[in-house]
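Input: a single structure, listed below in structure tokens.
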Amino acid sequence: VISKKHWRPQKNWVLFPEKINGKFAILHSIFPEILVDYVDSLEPENRLRIISNRLDDHLPTRDRWDTRLRGAGPPPIKTEEGWLLFYHAMTHGDGRYKVGAMLLDLKDPRKILYRSHSPVLEPVEHYEMSGLKPGVVFASGSVVIDDNLYLYYGGSDTTVNVARTNLPKFLHLLKTHKNPKLDRVRITP
């Protein structure tokens with residue numbers, strides 16, 4: 001059960017789009033980890049009792065870009081390779097939110113199969129570097145159309161933006177540790 005000492009209200013509770021092993025799976029973060037929990041029902045009268053299961057991550061974190069404040073973005077995307085999860089994080093002392101990607105096991109999403117070794121999207125554009133929270137990008141929605149993945153993200157808590165990539169290519173780069181990236185989509189009025 002989450003103790004009040006460690007509980008903070010936040011947006012980072014994400015439901016997997018289908019049941020896993022007959023249960024609803026929920027991703028959430030409690031600083032500094034992303035956690036997975038399983039529940040039988042989402043009905044309000046059943047009062048969710050959350051018992052946290054940490055993601056199984058054996059990758060070193062000390063020298064990584066995502067050492068602080070990791071939180072789930074949009075619901076994971078089911079692929080043949082695993083659950084594709086976009087998340088936001090920052091380097092300790094940096095203050096800029098960036099987007100990373102990880103591939104989770106389909107049957108046990110606590111297991112991280114692959115994780116981006118650098119951000120797949122980071123704030124560089126003027127609308128990401130100035131606003132209510134300068135230097136912030138965070139993923140909030142995604143959709144796959146044909147082989148194209150579109151990631152909707154916020155910039156500086158001021159703008160809503162979209163980036164895209166070819167999903168098969170992105171997954172290949174993620175699995176081979178070749179630093180996949182998302183390309184911003186320019187929308188002009």
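Over the Cα atoms of segment 64-189, each weighted equally, I'd like the Debye log10 I(q)/I(0) at q = 0.12, 0.18 Å⁻¹, rounded to two decimals.
Summing over Cα pairs of segment 64-189 leads to -0.41, -0.92.
Phe24 accessible area, nearest 10 Å², 1.4 Å probe?
Number for this one is 50 Å².
Which listed residue (Tyr97, Gly131, Asn161) has the Cα farthest towards the positive end of the charge dipole for segment 97-174, taking +1 on Lys and Arg C-beta and -1 on Asp and Glu C-beta about the Cα centre?
Tyr97
Would you mind checking which residues have amide H under 5 Å from Arg96's amide H? H placed 1.01 Å from N; only 5 or more apart, or other chain.
Thr91
Could you list, bin by bin from short to long, the percent of Cα-Cα pairs of segment 90-153 in 10 Å steps?
Distribution as computed: 19, 40, 32, 9, 0 percent.
Tell me the net charge near Asp147. Cut-off is 12 Å between Cβ atoms, Asp147 excluded, with +1 for each Lys or Arg and -1 for each Asp or Glu.
Values: positive: Arg164, Lys169; negative: Asp146.
Around Asp147, the surrounding residues sum to +1.
Within a Cβ distance under 14 Å of Ile187, other residues only, what is the Lys/Arg minus Asp/Glu net charge?
Numbers: positive: Arg164, Arg184, Arg186; negative: Glu125, Asp183.
Summing Lys and Arg as +1 and Asp and Glu as -1 gives +1.
Could you list which residues have their amide H under 5 Å from that of Ser142, counting only those 5 or more apart in sequence or on another chain, with H placed in the peptide plane?
Amide H neighbours of Ser142, under 5 Å, 5+ apart: Tyr152.
Leaving out ligands, DNA and RNA, what percent of the accessible area of segment 104-189 is carbon and sulfur, probe 1.4 Å?
Result for segment 104-189: 54 percent of the exposed heavy-atom area is carbon or sulfur.
The values are calculated or read from the model by the stated rules, or taken from the named source; none is laboratory data. From a predicted model like this one, the values you see are computed outputs, not experimental measurements. Quick reminder, even Gly has a Cβ in these numbers, built from the backbone with ideal geometry, and neighbours come from all protein chains shown. Remember, those area values only see protein heavy atoms, side chains included, never the ligands or the DNA or RNA. Shrake-Rupley method; radii C 1.70, N 1.55, O 1.52, S 1.80 Å.
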